[in-house]
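Engineer: Okay, here's the structure, questions in a sec.
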């Protein structure tokens with residue numbers, strides 16, 4: 001075992017990981033400055049982040065008319081692992097998932113070193129698929145997660161670049177195998193693009209083979225930019241109306257996460273965002289996508305570039321889909337989370353992969369709020 005490892009791109013002492021593996025509760029770091037609570041999304045075509053406005057009060061997340069058959073989760077890297085956790089733990093609510101460079105459920109087996117050496121971060125790989133499925137079966141039988149049979153026939157989209165040096169493609173191959181084992185319908189596994197680690201979108205500012213902040217990449221399909229969002233949104237919602245490439249008619253709202261329990265002590269930000277198409281504010285039945293950023297994609301790191309470059313809102317605006325963007329924060333004390341990752345190895349809570357997990361519970365309360373009308 002080496003004495004230094006990369007924490008999703010940064011070399012840090014190996015001893016730090018051993019300390020982090022046993023961390024839990026208390027402490028935190030200062031949270032990012034809230035941005036304006038209500039932002040017309042038409043100005044978000046550029047790669048610039050939204051301008052912070054600390055003096056403006058945060059909005060309260062509200063409920064909408066959500067079709068319960070059209071609720072999905074998406075995520076990249078740590079947000080991909082966390083997205084799988086949310087999907088599996090709450091498979092009765094979430095009807096499918098789009099996962100970029102993530103991995104199998106409970107991949108890290110409660111150990112940060114295994115998270116980095118077996119699952120990703122160090123660019124190494126050793127399968128934990130058998131342990132993952134055994135744990136999933138046990139928790140499903142115990143009722144600490146929703147019944148695994150809910151996963152049958154649910155649509156799943158997967159993305160893994162052939163050049164990914166952070167989360168090896170073998171890990172995503174295991175995730176494909178796992179979803180198929182539980183009867184999910186892997187509608188598309190994009191695994192042939194020469195892509196580095198990142199979220200793929202035609203709005204990504206980086207070239208396909210680049211591994212750098214903000215980890216938002218754009219890949220070519222022939223001579224045109226590929227649109228992975230169109231691929232999975234079509235699979236989830238059926239035939240789509242054309243993407244809105246002009247000024248968006250919906251609103252991007254900066255909301256208060258603290259009323260749901262978000263705090264520095266659980267490495268979650270004071271504020272997140274959600275995008276609401278115009279018709280969704282008028283008691284019109286809409287879909288819902290919950291999208292999780294990856295490590296080093298917090299508001300403190302890249303502002304709101306995960307939102308502005310993910311390519312989801314442009315499709316959501318014309319297809320009546322609300323998009324929820326929860327946010328985590330960095331913490332250099334306890335819980336030890338120096339890159340602002342979601343908890344998919346237990347840095348905050350030993351029950352992180354279950355319905356009772358701290359971050360899982362907080363986010364699920366947000367989802368319930370959006371669906372409560």
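Every number here is computed from the coordinates shown, using simple stated rules; none is lab data. Note that the structure is predicted; figures quoted are calculated from it, not measured. Glycine gets a Cβ as well: all are built from the backbone with ideal geometry, and neighbour counts include every protein chain shown.
Engineer: Could you tell me what % of all Cα pairs in the stretch 4-370 have separations over 34 Å?
Structural biologist: Result: 17 percent of Cα pairs exceed 34 Å.
Engineer: In the stretch 191-346, what % of DSSP beta bridges are antiparallel (nearest 5)?
Structural biologist: Beta bridges within the stretch 191-346, antiparallel portion: roughly 60 percent.
Engineer: Kindly state, to the nearest 0.05, the FRET efficiency for residue 169 paired with residue 247, given R0 = 45 Å and r defined as their beta-carbon distance.
Structural biologist: The formula returns an efficiency of 0.75 here.
Engineer: Moving to a separate point now. To the nearest 0.05, how large is the calculated FRET efficiency for residue 239 and residue 278 if R₀ is 22 Å and r is the Cβ-Cβ distance?
Structural biologist: 0.60
Engineer: Let me ask something else. Suppose R0 equals 56 Å. What FRET efficiency, 1/(1 + (r/R0)^6) with r the Cβ-Cβ distance, do residue 259 and residue 124 give to the nearest 0.05?
Structural biologist: Taking R0 as 56 Å, the efficiency between residue 259 and residue 124 is 0.90.
Engineer: So how much slack lies between residue 212 and residue 62, counting 0.36 nm per residue of separation and subtracting their Cα-Cα distance, in nm?
Structural biologist: Contour length minus the Cα-Cα distance gives 50.5 nm.
Engineer: Could you line up 276, 104 from fewest to most neighbouring Cβ atoms inside 10 Å?
Structural biologist: 276, 104
Engineer: Over what distance in Å are the Cα centres of the stretch 240-275 and the stretch 317-373 separated?
Structural biologist: Between the Cα centres of the stretch 240-275 and the stretch 317-373 lies a distance of 12 Å.
Engineer: Once fully extended, how much extra length lies between residue 92 and residue 152, figured as 0.36 nm per residue of separation less the alpha-carbon to alpha-carbon distance?
Structural biologist: Difference between extended and current length: 20.5 nm.
Engineer: Would you mind ranking 114, 233 so that the residue whose beta carbon has the fewest other beta carbons within 10 Å leads the list?
Structural biologist: Arranged by neighbour count, lowest to highest, 114, 233 become 114, 233.
Engineer: In nm, to one decimal, how far is the residue 69 label point from the residue 221 one, both placed 7 Å along Cα→Cβ?
Structural biologist: 2.6
Engineer: Ok, one more. Sort 366, 216 so the one with the fewest other Cβ atoms within 10 Å of its own Cβ comes first.
Structural biologist: Taking fewest neighbouring Cβ atoms as first place, the list is 366, 216.
Engineer: With a/c under 1.5 counting as rounded, go ahead and sort the stretch 166-309 into rounded, prolate or oblate using the C-alpha gyration tensor (a ≥ b ≥ c being the square roots of the eigenvalues; past the cut-off, prolate if a/b is larger than b/c, else oblate).
Structural biologist: rounded
Engineer: Return the percentage of antiparallel bridges among DSSP beta bridges fully within the stretch 4-370, rounded to the nearest 5 %.
Structural biologist: Taking every DSSP beta bridge within the stretch 4-370, about 45 percent pair in antiparallel fashion.
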